[in-house]
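The values are calculated or read from the model by the stated rules, or taken from the named source; none is laboratory data. Quick caveat: nothing in here was measured; it's all calculated off a predicted structure. Ideal geometry is used to build each Cβ from the backbone, glycine not excepted, and the neighbour counts take in all protein chains shown. Remember, those area values only see protein heavy atoms, side chains included, never the ligands or the DNA or RNA. Shrake-Rupley method; radii C 1.70, N 1.55, O 1.52, S 1.80 Å.
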Amino acid sequence: MGQQTWKGAAREVGRAALRHKVLSATIAVCVAGSLIAIGVVGSASGQAARPAPVAAPAFSLPLLGDDSGQQVALSRYRGQPLILNFFASWCDPCKTETPLLARFYRAQQGKVALVGLDENDTVGNATSFTRADGVSYPVGWDPHFTVASAYGVSALPQTFFLNARHQIVDRIFGPVTLASLHKGIALATAGG
């Protein structure tokens with residue numbers, strides 16, 4: 001191959017740049033088309049896609065503050081939607097959330113089933129905490145974080161909403177609000 005002239009070299013560089021631009025434009029169009037397709041499919045229902053409900057792990061724990069051997073068990077609520085709240089007396093966000101849950105539960109006057117699960121706590125601290133906050137719903141005591149681990153809870157508080165078939169239909173990471181409670185209950189009672 002002989003030496004190239006400046007004119008020939010410039011022509012080669014121009015062709016290479018054109019090929020690069022065409023290839024880059026083709027890739028950009030493909031990526032944009034893919035993103036649009038994903039957006040259209042994802043929003044076809046008008047709502048964000050929710051994962052299919054998953055069966056809630058069964059549990060049976062000692063009832064907090066009870067020496068007679070009573071248990072708090074998921075099976076006791078068969079056929080009922082249920083709110084499960086994982087908390088502890090040492091958890092700072094729980095100190096704000098628990099009084100809200102206690103007031104909410106009292107206001108519902110039995111229309112909503114709610115179970116608290118006190119995790120990784122002492123009986124004395126857990127009992128004092130729930131009494132001070134006026135908790136009247138059943139609380140299971142789970143000192144070894146066993147049920148929390150079964151539900152994939154790694155930080156407190158967390159709240160799960162179960163439908164009547166005890167499938168998890170919603171989960172709140174961190175403290176609940178009245179709005180998130182109403183949303184979760186609506187999901188738990190939807191369809192029957």
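Here are a few things to note about the model shown:
- Site pair Ala164 and Gln109 shows an inter-label distance of 2.2 nm when each label is modelled 7 Å from Cα along Cα→Cβ.
- The range 104-192, accessible area per residue, ligands and nucleic acids excluded (1.4 Å, Å²): 47
- Length gained on full extension, Thr189 to Val123, computed as 0.36 nm times the residue gap minus the Cα-Cα distance: 20.4 nm.
- Estimated from the Cβ-Cβ distance and a Förster radius of 22 angstrom, the FRET efficiency linking Asp92 and Thr146 is about 0.45.
- Separation in nanometres of the label points that stand 7 Å from Cα toward Cβ, at Val54 and Lys7: 7.1
- 5 angstrom amide H check on Leu117, placed H, neighbours 5+ away: Asn85, Phe86, Phe87, Gly140
- Against the criterion of solvent-accessible heavy-atom surface with a 1.4 angstrom probe, Trp90, Trp6, Trp141 sort, most first, into Trp6, Trp90, Trp141.
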